[in-house]
Amino acid sequence: MSRPDLIIRGQRVVLPETIAPRSVHIREERIVFVGDYDDLVEGCEVVEAGESVVMPGLVDTHVHINAPGRTEWEGFRTATLAAAAGGVTTVVDMPLNSVPPTTTLAGLFTKLETARDECFVDVGFWGGVVPGNTAELAPMFAAGVVGFKCFLVPSGVDEFEHVTEADLREAMPELARLGALLIVHAELPGPITEGDGGADYRSFLDSRPRAAENEAVELMVRLSREFDTRVHIVHLSSADAIPILRRAQAEGVKITAETCPHYLHFAAEEVPAGATEFKCCPPIRERDNREELWDGLRDGTIGLIVSDHSPCPGEMKLRESGDFMKAWGGIASLQLRLPVVWTEVRHRGFSLLDLTRWLCTNPARQVSFEPQKGSIAVGHDADLVLWNPDAQFTVTPSTLQHRHKLTPYAGEVLSGVVQQTFLRGKKITDAPLGHMLLR
Ligand SMILES: [Zn+2]
């Protein structure tokens, strides 16, 4: 065995099947050996994690970085610094809100140019399916996007148009031919109403009912089955769609789903009037819905929890008028995903193994980074987070690295304090050493 450059050891190292005292040996950016706690090599530097948890670096496959073009909303530097501070070592950037969007090969190249040398963690890229861009899908996939996103309702920005069933009937055979994953913002316009406007959260919630999601999921099950295309439902909020997904999965339809920390932590009943920092689409729903989402995670129907970090300048949240219908929808939480989910997980009887599956392993698998990311195993990149599961902290917006600090988590007391994040064997400091991950 060749000599390691660094050993990280601790009493609670989260391995794929167990949590145990181990030493993780790292050489040339990779994990080369996972030994007993006392397996040290004379003269080799050792990081002692003690009682802290040593977990794979988190993988977040749903992040809106918004650059180039809307860099005032976020940007690669601030987003990846926030990721690192939250124990995240891989993010995958969404194809919209940047100008140009990642819906053409040229758009992807512009994106790569913008991201290069700006990233503190590794970054992958989604492409987009919009009306009329089917010919761009194969070149983008060949150039390395991890898959493609589409919207079934207006996305909120003009340059990323939503698709209809007719558009999907054109794109999905091509995606099946490529073996590419289609990820879907699953709300259909039919059941969505204009609402009454104003600061009442209930009225906003009623304007985007569960039916919009349920019908969209039904459509995607039907199309996935018909075209044999892999489909993934992003940010599932309606728990009523879980039985639809469960049945389809049991029948062999290639459909998966994710949900987000805000749907698992907050409840509609508790959103204060005018608190537009809670606005996202689909919306945060009722307490009983939240508990059913946890049931969907428990039985595996929902496989991953990702941030859907979607920030904007504070003024776009219209905090003064508190108008939920007009405010920008999106919650910024890239840095807080680990403590928010852990806070919920620990009092529901789940383990660190469940947490790791939802935050690391399954997201890595979803975008085919699994041989490299998402587990502490020989051959994987030495992406690791050391954190204290028992320490608590109060969320103070000024400590967030996101470009904009407005967050519904302000003042929340959360469990789980990130201490150190390692990217490919190097502690993340002030050098942007992130790679562009092209599939
Ligand atoms: Zn999103």
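Quick notes
- Gain in span if fully extended, residue 321 to residue 169, counting 0.36 nm per residue against the direct Cα distance: 50.6 nm
- Note on region 241-399: Lys pairs 8 or more places apart or on different chains, Cα atoms under 25 Å apart, count 4.
- Label-zone membership for region 295-312, site residue 246, 7 angstrom Cα→C-beta point, backbone N under 14 Å: 295-303
- Residue with peak Gaussian network fluctuation, the chain [Cα springs, cutoff 10 Å], from 74, 194, 159: 194
- With every protein chain in place, the chain: carbon and sulfur % of accessible area (1.4 Å): 49
- Once the 1.4 Å probe is applied to the protein heavy atoms, the chain comes out at 36 Å² accessible per residue.
- Extension gain for residue 112 to residue 291 (0.36 nm times residue separation, less C-alpha to C-alpha distance): 60.5 nm.
- Scoring 116-129, 38-51, 221-234 by mean Cβ neighbours within 10 Å over their residues and listing the highest first yields 116-129, 221-234, 38-51.
- Label-to-label distance, residue 228 versus residue 398, with points set 7 angstrom from Cα along the beta-carbon direction: 6.0 nm.
- In this label model, residue 46 and residue 3 are separated by 1.7 nm, measuring between points 7 Å along each Cα→Cβ vector.
- Dipole-positive endmost among 214, 126, 267 within the chain (Cβ charges, Cα centre): 126
- Pair residue 37, residue 347: separation of 7 Å Cα→Cβ label points (nm): 3.0
- Here region 10-87 and region 242-304 have alpha carbon centers that stand 27 Å from each other.
- Secondary-structure-derived ellipticity at 222 nm for the chain, considering helices only, amounts to -7500 deg cm²/dmol, per-run term -39500 (n - 2.57) for DSSP H runs with n ≥ 4.
- Of the peptides 291-302, 95-106, 174-185, the order by per-residue mean of other Cβ atoms within 10 Å, starting with the highest, comes out as 95-106, 174-185, 291-302.
The values are calculated or read from the model by the stated rules, or taken from the named source; none is laboratory data. Model, not experiment: these values are computed from the prediction. Cβ sites come from the backbone with ideal geometry, for glycine too, and all protein chains shown count toward neighbours. When the accessible area is computed, the model is the full protein with side chains, heavy atoms only, and any ligands, DNA or RNA have been set aside. Shrake-Rupley method; radii C 1.70, N 1.55, O 1.52, S 1.80 Å.
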